[in-house]
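The values are calculated or read from the model by the stated rules, or taken from the named source; none is laboratory data. Predicted model only: the values in this text are computed from it and were never measured. Using ideal geometry, Cβ is built from the backbone for each residue, glycine included, and neighbour counts are taken over all protein chains shown.
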Amino acid sequence: MVPLSYYLVLSGILFACGVTGFLIKRNIITIFMSIELMLNGVNLSFVAFAAHWHALSGQVFVFFVMVVAAAEAAVGLAIIIAVYRTRETLNVDQVNLLKL
Amino acid sequence: MTPNLHLWLIPLLPLAGAAINGLFGKRFSRQTVSAVALSFCGAAFAWALFVAIRFSSLAVPHMERLAPWIRAGQFSADFAFYLDQLSLVMLLVVTGVGFLIHIYSVGYMWEDAGFYRFFSYLNLFMFFMLTLILANNYLLMFVGWEGVGLASYLLIGFWFVKDSAASAGKKAFIVNRIGDFGFLIGLFLLIKHFGTLTFNQLFSAIAKLSPETAGAGLLTSIALLLMVGAAGKSAQIPLYVWLPDAMEGPTPVSALIHAATMVTAGVYMVARSHVIFERAPSALTVVAIIGVLTALFAATIGVAQTDIKKVLAYSTISQLGYMFLACGVAAFSAGIFHLMTHAFFKGLLFLAAGSVIHAVGGEQDMRRMGGLRHYIPWTFWTMTIATLAIAGIPPFAGFFSKDEILWRAYQASWIYWLIGLFTAFLTSFYMFRLLFLTFFGQYRGELQASAHTAGHNPHDASAHGHGGIHESPKVMLVPLVILAVLSVVGGWVGVPGSLGGSNRFDQFLGPVFHNTTPALNSEHASAGETAPPEQQTEGPEPQTGHGTELAFTGMSVAAAALGLLLAWWLYLRNPELPDRIAASLGGFYHAVVNKYYVDELYAVLFVKPLVDGSTRILWHGVDQGMIDKAVNDSADAARELSDSVRHMQSGNLRSYAGWVAAGAACVIAYMIWVGVR
């Protein structure tokens with residue numbers, strides 16, 4: 001049996017990749033994908049714990065997270081399309097109308 | 001069961017008049033304004049008369065409580081009124097003379113744009129003055145005391161667009177503050193040591209104390225502090241300087257506030273506090289000395305003034321000095337007697353002077369008057385009566401009161417008497433000088449220059465577009481005549497024993513001043529005291545003294561007559577002589593004309609250091625340097641701090657994300673650190 005720590009390390013690596021991508025990428029879609037990556041890293045740790053402790057609640061949480069992620073993806077993509085239509089760019093550094 | 005006289009009506013009626021005229025007067029016609037002011041003031045007078053009629057059936061002192069006011073621990077002060085012979089006299093004088101002056105003002109102020117404002121203030125003054133008189137504790141008295149100061153300020157600065165009037169109002173207010181400061185501290189001492197300010201409680205507590213014959217104790221300090229307050233309000237040395245400037249106000253105001261009523265509040269207060277003063281002989285001596293010096297000092301200044309109102313102002317100060325002299329020799333009833341007669345004749349003098357000023361179109365300089373008796377006979381005759389009264393010519397009112405004071409002063413010390421007598425001579429001189437310059441000789445003004453030879457007038461009077469010299473309207477003359485009658489008969493209530501009278505005024509006021517008198521008269525003892533030792537130590541002077549007293553009366557009359565003759569000789573017979581005398585006196589004359597440079601002295605000693613200190617230290621140093629600077633500096637510091645922090649909020653989404661990530665990293669690091677530990 002694969003030890004719990006393996007899953008957790010993988011989950012941490014995924015999350016860290018997500019954070020890094022979120023911070024350094026400029027393309028808004030890439031950033032969006034990085035967020036998904038972070039969510040899935042967390043999901044992995046949820047199911048790992050659920051399997052380890054034989055508790056179903058962790059898996060239920062994963063479903064919740066997937067639902068929220070789906071909803072977020074729908075709304076987020078709609079916003080991205082709207083932004084692209086008005087600004088004709090996907091570079092977040094140029095979407096700065098609210099900036100001081 | 002004492003009847004309820006509703007004394008509260010007397011002060012509150014004028015207040016109602018002041019409120020109505022003050023709030024709605026702008027929309028009223030002049031007729032309505034004067035009707036409101038006169039009816040409320042007249043109602044107060046009528047009620048005072050009613051009280052006077054019922055007075056004999058009252059248990060004196062009569063006290064009425066209107067409402068509770070302050071309750072703090074053991075201390076309490078109520079809206080309550082105190083009526084005894086002293087307050088009754090004051091009440092009648094203030095409401096009576098006040099009402100007459102209200103009538104006069106209708107004529108005098110008719111043309112003024114601030115007509116309603118004037119009457120509102122005048123009624124307000126009446127309210128505060130009557131509060132002062134009727135109060136049954138020092139605190140309520142102090143309310144009235146401050147209130148009349150306020151009304152005085154408002155009325156002196158009535159023509160506030162005139163710079164001199166505005167600053168005269170401020171001067172009066174500020175100088176009075178100094179006196180009030182002393183008064184207040186005196187009250188604090190009273191509260192601290194006796195726990196009450198209510199007259200009857202306080203006086204019965206103090207009456208048990210023995211006089212402080214040696215050194216200065218508590219009562220002496222209290223008495224002196226009260227005297228500081230009285231000196232401020234009643235324009236005594238060294239706080240008299242505001243009164244001459246107060247002549248900037250309209251003339252009826254000078255008559256009402258600065259001659260007949262408000263300035264006598266100090267005398268009233270001292271007389272009311274006689275229980276304290278009688279137990280502080282050294283304070284009484286101070287009062288007498290201040291009084292006699294003020295009388296002399298102001299009279300000498302009055303001799304050289306050329307402004308008709310300024311002469312009267314200094315004369316007022318001088319006469320107030322007489323009243324304080326009377327109080328200082330423990331002859332309180334003589335002081336109040338003079339207060340009453342003075343209210344009549346000085347009120348009349350001011351009103352007549354107002355009538356003169358009115359007649360010659362606003363001119364106040366006596367050098368540009370003269371010969372007016374042909375044009376304004378009513379004013380002339382009433383003013384003559386008032387002048388005779390103030391000069392002390394029998395049988396006019398001033399003679400009896402002034403003679404009484406001089407006689408009582410002599411019993412205390414011949415020095416007081418001598419200075420008082422000399423002052424009486426000066427009074428007579430400058431008053432007849434005023435009369436002769438104004439009404440006799442030839443007209444020296446420019447109003448009807450074509451009809452008169454005004455050639456020798458070296459000054460160019462600005463021509464007033466006012467028609468010719470004319471007598472005042474009836475509404476102004478009637479009060480003059482009434483006051484003239486009072487100036488004649490007013491003194492007859494106090495004809496002394498030596499002249500065949502019984503000094504009923506003194507006997508009437510007797511219960512106020514004699515009940516609690518300690519055996520003090522060893523100080524001011526007159527030879528051959530026949531009265532019983534306890535109760536009547538201050539009773540009428542013994543029969544054996546009548547010859548002496550008559551001699552002294554003769555000397556007062558002689559002094560007055562001498563003043564008259566000198567004035568006649570200098571200003572009618574040899575009109576060029578005064579200038580020559582003035583020239584030969586040189587420096588002294590200049591000092592007198594310039595009021596001994598007291599204003600300048602005060603300016604150098606007090607005003608300038610205060611203004612400089614306030615400007616440099618308090619304004620530039622403390623206010624701008626510390627308070628403003630602290631506020632500005634903390635604002636600057638906040639702005640600079642936030643300016644540096646502000647850049648974190650860049651609007652760049654990824655930098656926010658970075659902050660979130662960094663924060664999360666910190667939290668994780670902390671938790672790991674906690675876990676490891």
Q | Odd one out for B:I191 among (1) under 30 Å from B:L243 (Cβ atoms); (2) in contact with a Leu (Cβ under 8 Å, 6 or more places away or on another chain); (3) among the aliphatic types (A, V, I, L, M) | A | (1)
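Give, as residue ranges, the helices (runs of 4 or more DSSP H) completely inside the range B:134-242 that count at least 2 residues that are among the β-branched types (V, I, T) and either under 19 Å from B:S87 (Cβ atoms) or touching a Cys at 6+ places or on another chain (Cβ under 7 Å) (or both). Show your work before the answer.
Values: elements: B:138-156, B:163-194, B:199-207, B:218-233.
Ranges flagged: B:138-156.
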(Q) Looking at the range B:388-399, can you tell me whether even one residue there is modelled with pLDDT under 90, touching a Phe, Trp or Tyr at 6+ places or on another chain (Cβ under 9 Å), farther than 20 Å from B:L426 by Cα and small (G, A, S)? (A) no
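Per-residue answers, yes or no, for (1) touching an Asp or Glu at 6+ places or on another chain (Cβ under 7 Å); (2) crowded, with 24+ Cβ neighbours inside 10 Å; (3) at pLDDT 90 or above; (4) of a type in the set (A, V, I, L, M):
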{"site": "B:P238", "(1), (2), (3), (4)": "no, no, no, no"}
{"site": "B:S254", "(1), (2), (3), (4)": "no, yes, yes, no"}
{"site": "B:A259", "(1), (2), (3), (4)": "no, yes, no, yes"}
{"site": "B:V267", "(1), (2), (3), (4)": "no, yes, yes, yes"}
{"site": "B:L293", "(1), (2), (3), (4)": "no, no, yes, yes"}
**Q.** Residue count, the range B:99-119 (criterion: in a helix (DSSP H, G or I) and over 17 Å from B:F45 (Cα atoms))
**A.** 7
Q | Sole exception among (1) surrounded by 12 or more Cβ atoms within 10 Å (Cβ to Cβ); (2) touching a helix residue (DSSP H, G or I) at 6+ places or on another chain (Cβ under 9 Å) for B:A583, by number | A | (1)
Q) What about A:A82, is it in a helix (DSSP H, G or I), more than 14 Å from chain B (Cβ to nearest Cβ) and not basic (K, R)? A) yes
Q: Identify the single condition in (1) under 28 Å from B:Q305 (Cβ atoms); (2) touching a Phe, Trp or Tyr at 6+ places or on another chain (Cβ under 9 Å) that B:Y602 does not satisfy, given that it satisfies every other one.
A: (2)
Q: Run A:V95 past the list (1) in contact (Cβ under 8 Å) with a residue 24 or more places away in the chain; (2) out of contact with any Phe, Trp or Tyr (no Cβ under 9 Å at 6 or more places or on another chain); (3) more than 14 Å from every other protein chain (Cβ to nearest Cβ) and report the number of the one that doesn't hold.
A: (3)
Q) Out of the range B:178-226, which residues are of a type in the set (K, R) and either closer than 23 Å to B:E146 by Cβ or in contact with a Phe, Trp or Tyr (Cβ under 8 Å, 6 or more places away or on another chain) (or both)? A) B:K192
Q) Are any residues in the range A:48-80 buried (at least 16 other Cβ atoms within 10 Å of the Cβ) and under 25 Å from A:M1 (Cα atoms), and if so, which ones? A) A:A48, A:F49, A:A50, A:G58, A:F61, A:V62
Q. Does B:L130 satisfy the condition of being under 14 Å from B:G98 (Cα atoms), touching a Gly at 6+ places or on another chain (Cβ under 9 Å) and crowded, with 24+ Cβ neighbours inside 10 Å?
A. yes
Q.
Any residue at all in the range B:35-52 that's in contact with a Gly (Cβ under 8 Å, 6 or more places away or on another chain), polar (S, T, N, Q) and under 26 Å from B:F344 (Cα atoms)?
A. yes
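From the list B:S105, B:S56, B:S76, B:S39, exactly one residue is among the small types (G, A, S), surrounded by fewer than 24 Cβ atoms within 10 Å (Cβ to Cβ) and in contact (Cβ under 8 Å) with a residue 60 or more places away in the chain. Which is it? It would help to see each step written out before you state the result.
On the way: B:S105 fails: surrounded by fewer than 24 Cβ atoms within 10 Å (Cβ to Cβ); B:S56 fails: in contact (Cβ under 8 Å) with a residue 60 or more places away in the chain; B:S39 fails: in contact (Cβ under 8 Å) with a residue 60 or more places away in the chain.
It is B:S76.
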Q. Does at least one position in the range A:5-14 carry a residue that is within 14 Å of another protein chain (Cβ to nearest Cβ), more than 19 Å from A:F64 (Cβ to Cβ) and either over 10 Å from the mean Cα position of the chain (by Cα) or touching a residue at least 60 places away in the same chain (Cβ under 8 Å) (or both)?
A. yes
Q: Would you mind finding the one in A:V2, A:V75, A:V62 that is touching a Phe, Trp or Tyr at 6+ places or on another chain (Cβ under 8 Å), more than 12 Å from chain B (Cβ to nearest Cβ), of a type outside the set (S, T, N, Q) and on the phi < 0 side of the Ramachandran plot?
A: A:V62
**Q.** Check on B:I70, assigned to a strand (DSSP E or B) and of a type in the set (V, I, T)
**A.** yes
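Let's see how each residue does on (1) surrounded by 13 or more Cβ atoms within 10 Å (Cβ to Cβ); (2) touching an Asp or Glu at 6+ places or on another chain (Cβ under 8 Å); (3) closer than 30 Å to B:V241 by Cα; (4) within 14 Å of chain A (Cβ to nearest Cβ):
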| residue | (1), (2), (3), (4) |
| --- | --- |
| B:K608 | no, no, yes, no |
| B:G613 | no, no, yes, no |
| B:A630 | no, no, no, no |
| B:A637 | no, no, no, no |
| B:D643 | no, no, no, yes |
| B:H647 | no, no, no, yes |
| B:V676 | no, no, no, no |
